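The values are calculated or read from the model by the stated rules, or taken from the named source; none is laboratory data. Bear in mind the structure is a predicted one, so any value in this text is a computation, not a measurement. Don't worry about glycine lacking a Cβ; one is built from the backbone with ideal geometry, like all the others, and counts go over all protein chains shown. Side chains are part of the model used for accessible areas, which takes the heavy atoms of the whole protein and leaves out ligands, DNA and RNA. Shrake-Rupley method; radii C 1.70, N 1.55, O 1.52, S 1.80 Å.
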Amino acid sequence: MKIQPKPALCSLLIGVFFALPLLAQSLTPEEKAKKVAEEKVKKLAYVKKFSWLAIEEMRRTGIPASIKLAQAIVESHSGTSPLATEANNHFGLKCGKEWAGKTMFRVDDDRDAYGFLIESCFQAYTTIRESYMRHSDHLLNPSKMDRYGYLFALDVLDYRAWAEGLQKGGYSTNPLYAQILIQTIEELALREYDLRVLTEVNGGRN
């Protein structure tokens, strides 16, 4: 099943994309501070709503809940991106050769032979929980061991090393990806969820 973005929504998003830089330049310091505060509220609301999924997956696979939540927040814009709202894809996972499920096509960073941006194929899910599980399976995929395998030998509390490893493995083309994840984890105190799972696993012993 192929999910296509609505034309009106696409036009709106393109307009917003080009308007944001101009808007940001015209904001006063007070307006900028208000915008940052509003974004943090959205992030905290996302964490409150979906932290249980990150904890569940940390128990199942060992991927730090802090990393899981930070990636989801960044990739889905706190659950508000079209990919998240229309396809339940909170981690920006593309189809790849192995994916045989539902899909959604939208312009991202793929280009044709002439260098022009083309639509990318993204995985689409029935539930958000499936998105969280697919993200874990993606990092644990044997065919991607050379990219992400060593992450699972890291200390689960070392979110910095995990973030840097994800960037090194090519999860995102953004050169600041690791820095953004680390900042998100520290801003929202997401490490507490890793500690919570560890405490549980160790029977109350830190």
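Before moving on, here are some points about what is shown:
- Failed condition for Tyr150, given (1) exposed (fewer than 15 other Cβ atoms within 10 Å of the Cβ); (2) free of Cβ contacts under 8 Å to residues at least 40 places away in the same chain; (3) under 22 Å from Asn89 (Cα atoms): (3)
- Criterion: crowded, with 18+ Cβ neighbours inside 10 Å, touching a residue at least 24 places away in the same chain (Cβ under 8 Å), closer than 19 Å to Lys94 by Cβ and in contact with a helix residue (DSSP H, G or I) (Cβ under 8 Å, 6 or more places away or on another chain) - qualifying residue of Leu188, Leu166: Leu166
- Across segment 191-206, the number of residues qualifying as closer than 24 Å to Glu39 by Cα and open to solvent by 20 Å² or more (accessible area, probe 1.4 Å) comes to 3.
- Enumeration of residues in segment 175-206 that are of a type in the set (S, T, N, Q) and at pLDDT 95 or above: Gln179, Gln183, Thr184
- Residues located in segment 117-147, provided they are touching a strand residue (DSSP E or B) at 6+ places or on another chain (Cβ under 9 Å), assigned to a helix (DSSP H, G or I) and open to solvent by less than 30 Å² (accessible area, probe 1.4 Å): Ser131
- Some residue of segment 33-44 being modelled with pLDDT under 55 and either surrounded by 10 or more Cβ atoms within 10 Å (Cβ to Cβ) or of a type outside the set (Lys, Arg) (or both): no
- The set of residues in segment 64-116 being among the hydrophobic types (A, V, I, L, M, F, W, C), in contact (Cβ under 8 Å) with a residue 60 or more places away in the chain and open to solvent by less than 20 Å² (accessible area, probe 1.4 Å) consists of Ala65, Ile67, Leu69, Ala70, Ala72, Ile73, Ala87, Met104.
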